[in-house]
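So the structure is just underneath, and the comments pick up after that.
The values are calculated or read from the model by the stated rules, or taken from the named source; none is laboratory data. Note that the coordinates shown come from a computational prediction; the quantities given were computed from them, not determined experimentally. Cβ: placed from backbone, ideal geometry, glycine included. Neighbour counts: every protein chain shown. With ligands, DNA and RNA removed, areas are computed over all heavy atoms of the protein, side chains included. Shrake-Rupley method; radii C 1.70, N 1.55, O 1.52, S 1.80 Å.
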Amino acid sequence: MTSVNLDRISRIHFIGIGGIGMSALARHFISEKKVVSGSDRVLTDLTKELASEGIQIFGEQVAENITKKIELVVYTEAMPADHPELAAARKLKIPTLNYFETLGLAMNPYYLIAVAGTHGKTTTTAMLTDIFSDAEKDPTAVIGSLRAETKSNYRAGKSKYAIVEACEYRRDFLHLKPDVLVITNLEHEHVDYYKDLSDVQSAFRTLAEQVNEDGIIITDTANPNIAPILEGLPVSVIDYRDCLDLTSPMKHPGLHNRMNAAAATAVSVREKIPLNDIKISLSNFAGTWRRFEYKGEVNGAPVYDDYAHHPTEIRATLAGVRELYPENRVIVVFQPHTFTRTKTLFDNFAKAMQGADTVMFLPIYAAREENISGVSSRELAVKTLEYVPDTLYVDFSE
């Protein structure tokens, strides 16, 4: 990694600035009065908002976007090595860092609360941001979605606190040095990178070892997937299940959201926020974009959008739906995310749909992958018929 001192840099360019993480980090540097520009192949409402906040946005990714005035170029891992803007930056000898390297440099100087885990990271990070904001702790926060209340993935704070979502993909969270590490849960995920659960655990163990010596880990100590990574650690560990509240009102249903709230509560209690204030913040928590987000009604039927892309998340979401609408017929429209995940977790995806009355599968969203295995949503629909008789495959391009 190129040695970079962010304090000495005033002009930063982002390649792929429309991404949820990249845009949050861009907003952070704007809040620090740096000059920020960025490019993306597709201009969206988010990039329009960034432009309105003072960021120069380019709708084409070409070498000409990179000038000698730029002092740092930040890129996403999805960028090919021969990307024209990256090539131009190297030709001009401008330092280049990926998003997670930059995130670590920007957030490690704070009292860093990092939220990791296979599921629930975004919601828990957003809950903590709300609690700390309501308690006037004035945190800086980088969230992997848009908070429903503010419609933003970033909060500019002036206190010592930073609350950051820590993604395990490609061990990217190892650029973070937390003071408080939250591990919500742990399963075999990102199967295109991690070969098995043990491989995932090794990454989390390394992150746990990076917690500052006077720091703390907050997690579910009874989780058999988590317990091995805690053995012999020199830092204190708190079990967030001790803060699990099954009775206080919350706007979002499901045990999984109660568990996220328990993790957020454990952190907040440790930072001396009164329990009653924490409960009030959680009762008002409005959620985040694409996490059981209410979109409206169609012919009187409520419609929700959820990012659930793992069988465990699907089961949790459907359980929450049944809790909220015990008498309603539940129709799921599902687009699998990546061929590798679909192939590896094929049977589990089919079983996870058992909470639905009708399931409609759309073609697999490829993201960064080629379909080497030949897996398809049509095959998954056939498998799901074993569990949900009213299952069909829909491809509007056919």
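Aliphatic (A, V, I, L, M), modelled with pLDDT under 95 and over 24 Å from Ile280 (Cα atoms): which single residue out of Val200, Val191, Val235, Val211 fits that description?
Values: Val200 fails: modelled with pLDDT under 95; Val235 fails: modelled with pLDDT under 95; Val211 fails: modelled with pLDDT under 95.
The unique qualifying residue is Val191.
Rundown of residues vs (1) under 11 Å from Ala114 (Cα atoms); (2) part of a helix (DSSP H, G or I); (3) open to solvent by less than 40 Å² (accessible area, probe 1.4 Å); (4) of a type in the set (Phe, Trp, Tyr), yes/no style:
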residue: Lys177; (1), (2), (3), (4): yes, no, no, no
residue: Glu189; (1), (2), (3), (4): no, no, yes, no
residue: Asp192; (1), (2), (3), (4): no, no, no, no
residue: Lys195; (1), (2), (3), (4): no, no, no, no
residue: Asp199; (1), (2), (3), (4): no, yes, yes, no
residue: Ala203; (1), (2), (3), (4): no, yes, yes, no
residue: Leu207; (1), (2), (3), (4): yes, yes, yes, no
residue: Ile217; (1), (2), (3), (4): yes, no, yes, no
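Return the only residue of Val321, Val332, Val267 being open to solvent by less than 30 Å² (accessible area, probe 1.4 Å), modelled with pLDDT of 95 or more and more than 22 Å from Ile131 (Cβ to Cβ).
On inspection, the qualifying residue turns out to be Val332.
Would you tally the residues in the stretch 222-253 being open to solvent by 40 Å² or more (accessible area, probe 1.4 Å), in a loop (DSSP other than H, G, I, E, B) and of a type in the set (A, V, I, L, M)?
So the answer is 4.
Out of Thr67, Thr124, Thr102, report the one residue that is farther than 26 Å from Met259 by Cβ, surrounded by 23 or more Cβ atoms within 10 Å (Cβ to Cβ), of a type in the set (Ser, Thr, Tyr) and at pLDDT 95 or above.
Exactly one of Thr67, Thr124, Thr102 is farther than 26 Å from Met259 by Cβ, surrounded by 23 or more Cβ atoms within 10 Å (Cβ to Cβ), of a type in the set (Ser, Thr, Tyr) and at pLDDT 95 or above, namely Thr102.
Within the stretch 127-156, track down each residue that is closer than 13 Å to Ala106 by Cα, surrounded by 19 or more Cβ atoms within 10 Å (Cβ to Cβ) and touching a residue at least 24 places away in the same chain (Cβ under 8 Å).
Thr140, Val142
If Tyr387 passes every condition in (1) modelled with pLDDT under 95; (2) assigned to a loop (DSSP other than H, G, I, E, B); (3) among the aromatic types (Phe, Trp, Tyr) but one, which one does it miss?
Failed condition: (1).
Inspect the stretch 50-57 for any residue being part of a helix (DSSP H, G or I), open to solvent by less than 30 Å² (accessible area, probe 1.4 Å) and either within 26 Å of Ala81 (Cα to Cα) or out of contact with any Leu (no Cβ under 6 Å at 6 or more places or on another chain) (or both) and give the result as yes or no.
Checking the stretch 50-57: at least one residue is part of a helix (DSSP H, G or I), open to solvent by less than 30 Å² (accessible area, probe 1.4 Å) and either within 26 Å of Ala81 (Cα to Cα) or out of contact with any Leu (no Cβ under 6 Å at 6 or more places or on another chain) (or both).
Any chance you could count how many residues in the stretch 163-175 are buried (at least 24 other Cβ atoms within 10 Å of the Cβ) and out of contact with any Cys (no Cβ under 9 Å at 6 or more places or on another chain)?
4
Which of (1) in contact with a Ser or Thr (Cβ under 9 Å, 6 or more places away or on another chain); (2) modelled with pLDDT of 95 or more; (3) of a type outside the set (Lys, Arg) does Pro249 not meet, given it meets every other one?
(2)
What pairs come up if the first residue lies in the stretch 166-184 and is over 15 Å from Ile143 (Cβ atoms) and in contact (Cβ under 8 Å) with a residue 40 or more places away in the chain, the second is polar (S, T, N, Q) and crowded, with 24+ Cβ neighbours inside 10 Å, and their beta carbons are under 7 Å apart, counting only those six or more places apart or on different chains?
Ile183/Thr219
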